[in-house]
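The values are calculated or read from the model by the stated rules, or taken from the named source; none is laboratory data. It should be emphasised that the depicted structure is a prediction, and the values quoted were computed from it without experimental measurement. For neighbour counting, all protein chains shown are included, and Cβ atoms are generated from backbone atoms with ideal geometry for every residue, glycine included.
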Amino acid sequence: MGYRRSSRELAMQALYYIDMGKNDQERAFRLFCINFEPSDDVMPFFQQLVKGTLEHRDKIDRKIETFSSNWKLSRMSGVDRNVIRIAVYELMFCHDIPSKVSINEAIDIGKKYGTADSGAFINGILDAISIDIDKAVLS
């Protein structure tokens, strides 16, 4: 497995941990890193994903809710919600990563950690968001 896939999987796990905890985000992130010790090659991209997703979470969440018809974020599983958040962060703010890569990685991670329906659910939301972002860039 490549370091970017490992970074994405760890980022999903860290964001899930932060989501479920009652600690402040920075403290929860530090505790996660102490307990799971990301390797040196994984750490930079992992940190970028977690910190970027948290920094832009309100904007990311609004975008997700716009394209997740009849699904509020609070109703989504923690895995699906955080996999989608990471992918939307990449789609909106990591212009060096092709959108298809971000979407495919999210689908694969969702299938690995989520339910049998996670892949299709994640794909549907991310495809719609990707199309919307592409339209905005072309305008």
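Hey, among Ser99, Ser69, Ser74, which residue is in contact (Cβ under 8 Å) with a residue 12 or more places away in the chain and polar (S, T, N, Q)?
Values: Ser69 fails: in contact (Cβ under 8 Å) with a residue 12 or more places away in the chain; Ser74 fails: in contact (Cβ under 8 Å) with a residue 12 or more places away in the chain.
Residue meeting the stated conditions: Ser99.
Among residues that are within 13 Å of the chain's Cα centre (by Cα) and modelled with pLDDT of 95 or more, Ala128 is not included. Just one of the listed residues (Asn104, Asn82) is without any contact (Cβ under 8 Å) to a residue 12 or more places away in the chain, assigned to a helix (DSSP H, G or I) and not charged (D, E, K, R), namely Asn104.
The set of residues in region 21-38 that are among the polar types (S, T, N, Q), at pLDDT 90 or above and closer than 16 Å to Lys51 by Cα contains only Gln25.
Of all residues in region 27-62, how many are among the acidic types (Asp, Glu) and under 23 Å from Ile84 (Cβ atoms)?
Here the count works out to 3.
Selection of region 98-112 for residues being crowded, with 16+ Cβ neighbours inside 10 Å and within 21 Å of Gln48 (Cα to Cα) yields Ser99, Ser102, Ile103, Glu105, Ala106, Ile107, Asp108, Ile109, Gly110.
If you check Ile18 against the conditions, is it within 21 Å of Ala128 (Cβ to Cβ), in contact with a helix residue (DSSP H, G or I) (Cβ under 8 Å, 6 or more places away or on another chain) and among the β-branched types (Val, Ile, Thr)? Considered against the rule, which asks whether it is within 21 Å of Ala128 (Cβ to Cβ), in contact with a helix residue (DSSP H, G or I) (Cβ under 8 Å, 6 or more places away or on another chain) and among the β-branched types (Val, Ile, Thr), Ile18 comes out as no.
Within region 14-40, track down each residue that is part of a helix (DSSP H, G or I) and buried (at least 18 other Cβ atoms within 10 Å of the Cβ).
If we filter region 14-40 for residues that are part of a helix (DSSP H, G or I), which is where we start, we get 14-20, 25-36.
The answer is Ala14, Leu15, Tyr16, Tyr17, Ile18, Ala28, Phe29, Phe32.
Which of the residues belonging to region 63-117 are charged (D, E, K, R) and either closer than 19 Å to Glu9 by Cα or in contact with a Ser or Thr (Cβ under 8 Å, 6 or more places away or on another chain) (or both)? Walk me through how you get there before you give the answer.
First, the residues of region 63-117 that are charged (D, E, K, R): 63, 65, 72, 75, 80-81, 85, 90, 96, 100, 105, 108, 111-112, 117.
Those that are charged (D, E, K, R) and either closer than 19 Å to Glu9 by Cα or in contact with a Ser or Thr (Cβ under 8 Å, 6 or more places away or on another chain) (or both): Asp80, Arg81, Arg85, Glu90, Lys100, Glu105, Asp108, Lys111, Lys112, Asp117.
Within region 85-101, take every residue that is part of a loop (DSSP other than H, G, I, E, B) and within 19 Å of Lys59 (Cβ to Cβ) and give me the one that is farthest from the chain's Cα centre (by Cα). So, considering only residues that are part of a loop (DSSP other than H, G, I, E, B) and within 19 Å of Lys59 (Cβ to Cβ), the one farthest from the chain's Cα centre (by Cα) is His95.
Within region 107-125, the set of residues being without any contact (Cβ under 8 Å) to a residue 60 or more places away in the chain, assigned to a helix (DSSP H, G or I) and farther than 21 Å from Phe45 by Cα comprises Lys111, Ser118, Gly119, Ala120, Phe121, Ile122, Asn123, Gly124.
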